[in-house]
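Sharing a structure, written as structure tokens. Questions coming.
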Amino acid sequence: MIGIAARIIKHKKPVAIIFTVLTIICSVAMLGVSVNYDMTEYLPDDAQSTKALEIMEQEFEGSVPTNRVMVNNVSIQEALAFKEKLDEIDGVSDVTWLDDVIDIKAPLEMADKEVVETYYKDGKALFSFSIRDGEEVAIADEIYNLIGEENAMAGESLNTATQQKMAGNESMYAAALLVPIIILILVVSTNSWVEPLFFLTAIGVSVLINMGTNIFLGEVSFVTQSVAPILQLAVSLDYAIFLLHSFAYYRERVADPHEAMELAMKKSFSAIAASASTTFFGFIALSFMEFEIGSDLGINLVKGILLSFISVMVFLPALTLLFYKWIDKTKHKPLLPRINKKGSTVVKMRYPSLVLVLLLLVPAFLAQGQTDFTYGIGDQPETTRAGSDLIKIKEHFGESTPIVLLVPKGDTPKEEELVQELEKIAHVTSVIAYVNTVSAVIPPEYLDTSIREQFYSENYSRIILQTDTKNEGELAFHLIEQVQRTAQNYYGKEAYTIGESVTLYDIKTTVQKDNKLVNLLTILTIAFVLIVTFKSISIPIVLLLTIQSAVWINLSVPYFTDSSLVYVGYLLISIIQLAATVDYAILLTDAYKDYRKEMPVFEAVKKTLDEKIFAIAISGAILSSVGFILWITSSNPIVSSIGLLLGRGALLAFIMVVFFLPAMLLVFDKFIRKTTWKANFFKENDS
């Protein structure tokens, strides 16, 4: 390491210039990285809805009509005229209304009242339609121009458009809040006014390079775009702090700053490498998720951790040696008062800490798997137009979720039987198919192409079901299973279902399978790194139990507060919290192991706590701030839930490491000594 450090220091100017040029190039390149808001594209290729969507795109124009517009105070004729205008908008297709279900030339009083009121009620008309993928923002704006302020629009594509509009503003807002908070935390934890800028510059450069190199991936998910940059910043800021604190230590002992930096790089390398490795391998587990939002985030975080490590070990030494005089000129006295005997206080609380955690552990473990989960982006906040419009539509027409069914074309009697059976299923409000909308006895070839193509392609017949359930939940998912079973009774595996609720059903199935595999991989990879780092069997068990307990307690809170939790957030945070906060436990245990060679167990624990609580608190405060700011600023439920869980999880991890971990080290000291290779722990009779 000394040889590498010497070369980096010798070429500090070229190193700084190379990183600066790379940062500028990547800052430009990241503008060319597109963000994907479509969760359906992250399902595995063998998912039922993925196959169905491919068939739909090949066989039919348009897609599932998952959007709705409510127009007030219109007659039947005015509603038909509006339908034509809506259908004329480029990018709008599959516009469906009452005239597609019943013969509106006959008196409405003669028709089924429930069917009529699904589309037309109290002078209000409700239209369903689809919007072309990739152009949601422009098309939604055009529809808003058509309907004006007095009418309402809601739907899956509109939610996507709203997220796209808000994402940029929210990221800027999050950064505007986060950077000053991090600077404040770092200022009070250091003795120089400008030293925090060195930390942020080193990690900021790695974040920008990471975002720019995504150009080679083509696009990233909206979760990655929102979460990865600031999570990378929060998780890897410790590396820069380790190095510069070590540099400050050696500055007091050797006259030459270059020699001090060489020693600092050698001294801090193992600690930074161990810290980065646990996070690195923890995030690698994400890349094994079948639901590819997880693997997309995992790849970006793994890349980010690697780049942060390189930036801290290569760029930061060069930058510091070029401007270290600024640190000297801006030194200040410690801004926080020193609290003495922290270790003694914690040690006295060891038994209450153990008992409390052990009492919480089983209920927390059981509760975290029983939470009411959601799987999609969900509805927009009421403060947005999309959110307030949705409330208006629900007030008049209730819930409505379309399901498209594709079945092989050709057997008209079988199709007619299927449609009749589908109409009898509870919560199916209407079924639109050729056999009941046109007539089973009229050959499709006799009709206009535009009418025929709504129902038939070369190989498939399309049936549209309107339901009165939400787009997800136990009732919606049970209905999907009923529809799929009914269709499969007639057509077997050749029947396919498509729709927002079908996609969410497949996401649920996929991420629940991911959960066990990814969590197991995370624990095994981090355990391996801990075994190699500490050369011990028992220490990894103690550390993982400490952090995993914090994870379980964190994830159990929604159950006890009777609130729902986005499952993708639950799955991601169970890995992210473990990978990101195990560093606190490593920092404390590494110091304890060193002191334990020199003194008895109680004195070693006290001294470790006195010296390390502050550093762990700073790291925890930064990560927690990142989480809570994500929660506050994001309107996306997945990103927001990750933020809340991360903020709360970092606080819980800090509490567990400071109170529960020392208690475990005290109680299992003899076991740790016997199961650690060359422990060389101090014995009373050795003195």
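Bear in mind these aren't lab numbers, they're just calculated from the coordinates by the rules spelled out. All figures in this text were calculated on a predicted structure; none of them were measured in a lab. Heads up, the Cβs are rebuilt from the backbone with ideal geometry, glycines too, and the neighbour counts pull from every protein chain shown.
Among 596-607, 142-153, what's the highest-first ranking by average C-beta atoms within 10 angstrom per residue? Walk me through the intermediate numbers first.
Values: 596-607: 18.2, 142-153: 15.9.
Listed from highest to lowest mean packing, they are 596-607, 142-153.
Need one number: nm distance between label points at F365 and W193, each 7 Å from Cα along Cα→Cβ, rounded to one decimal.
5.3 nm
A further question on this structure: How high is the FRET efficiency between D594 and K13 when r is their beta carbon distance and R₀ equals 45 Å, given to the nearest 0.05?
It comes to 0.80.
In the stretch 76-196, if the dipole is taken from +1 on Lys/Arg beta carbons and -1 on Asp/Glu beta carbons about the Cα centre, which of N159, T118, M172 is farthest to the positive end?
Value computed over the given set: M172.
Moving on to the next point. With an 8 Å cut-off on Cα pairs and a minimum separation of 6 or more residues, tell me the relative contact order of the stretch 179-327 in percent.
Values: 145 pairs, mean separation 49.4, N = 149.
Result for the stretch 179-327 is 33 percent.
If you take the beta carbon distance between L31 and N73 as r and set R0 to 51 Å, what does 1/(1 + (r/R0)^6) give as a FRET efficiency, to the nearest 0.05?
Using R0 = 51 Å, I get an efficiency of 0.65.
What pairs in K394/K513; K341/K670; K51/K113 have C-alpha atoms more than 32 Å from each other?
K394/K513; K51/K113
Report the extension gain between N680 and L520 in nm, rounded to one decimal, defined as 0.36 nm multiplied by the number of residues separating them, less their alpha carbon distance.
54.4 nm
Calculate the spin-label point distance for T561 paired with F671, positioning each point 7 Å from the Cα along the beta-carbon direction, and give it in nanometres.
Spacing of the two 7 Å Cα→Cβ label points: 3.3 nm.
Taking 8 Å as the Cα distance limit and 6 or more residues as the minimum spacing, I'd like the relative contact order of the chain as a percentage. Walk me through the numbers on the way to the answer.
Values: 1051 pairs, mean separation 129.4, N = 687.
Reported as a whole number, the value is 19 percent.
Rank L530, Y505, Q482 by how far each Cα sits towards the positive end of the charge dipole of the stretch 468-534 (+1 on Lys, Arg Cβ; -1 on Asp, Glu Cβ) and give me just the farthest.
Positive-end residue among those listed: L530.
Once R0 is set to 22 Å, what does the formula 1/(1 + (r/R0)^6) return for the Cβ-Cβ distance between K121 and L80, expressed as a FRET efficiency to the nearest 0.05? Mind dumping the intermediate values first?
On the way: r = 16 Å, r/R0 = 0.74.
E(calc), rounded to 0.05, equals 0.85.
Also: What is the magnitude of the charge dipole of the stretch 564-680 about its Cα centre, with +1 placed on the Cβ of each Lys and Arg, -1 on the Cβ of each Asp and Glu, and no other charges, expressed in debye to the nearest 20?
For this selection, approximately 360 debye.
Pull out the extension gain between K348 and F288, defined as 0.36 nm times the separation in residues minus the alpha carbon to alpha carbon distance; nm, one decimal.
Details: separation 60, 0.36 × 60 = 21.60 nm, distance 4.34 nm.
Net length gain for the segment: 17.3 nm.
Once amide H atoms are placed 1.01 Å from N in the peptide plane, what residues at a sequence separation of 5 or more from V566, or on another chain, have their amide H within under 5 Å of its amide H?
Those qualifying (amide H under 5 Å, at least 5 residues apart or on another chain) are T374.
Extension gain K331-E423, at 0.36 nm per residue separation less the Cα-Cα distance, in nm? Don't skip to the answer; put the middle values down first.
Details: separation 92, 0.36 × 92 = 33.12 nm, distance 7.69 nm.
Difference between extended and current length: 25.4 nm.
Calculate one ³J(HN,Hα) per residue across the stretch 67-72 by plugging θ = phi - 60° into the Karplus curve 6.51 cos²θ - 1.76 cosθ + 1.60, and present them in order as whole Hz with x for glycine and proline.
10, 9, 10, 10, 10, 8
Taking the alpha carbon gyration tensor of the stretch 1-123, what are the square roots of 5 times its eigenvalues, largest first, to the nearest whole Å?
Gyration-tensor ellipsoid for the stretch 1-123: 60, 19, 13 Å.
For the chain, give the magnitude of the charge dipole about the Cα centre (Cβ charges: +1 Lys/Arg, -1 Asp/Glu; no others), in debye to the nearest 20.
Here the chain has a charge dipole of around 6180 debye.
Report the rotationally averaged projected area of the chain based on its alpha-carbon convex hull, in square nanometres.
That works out to 34.2 nm².
Can you name the helices of the chain, as whole DSSP H runs, whose Cα span along the helix axis is 24 Å or more and whose Kyte-Doolittle mean is not below 0.0?
12-29, 156-189, 195-213, 222-251, 257-284, 292-310, 350-367, 500-534, 538-560, 567-596, 601-633, 637-655
Can you list residues from other chains, or at least 5 along the same chain, whose modelled amide H is less than 5 Å from the amide H of S430?
Answer set, sorted by chain and number: Q466.
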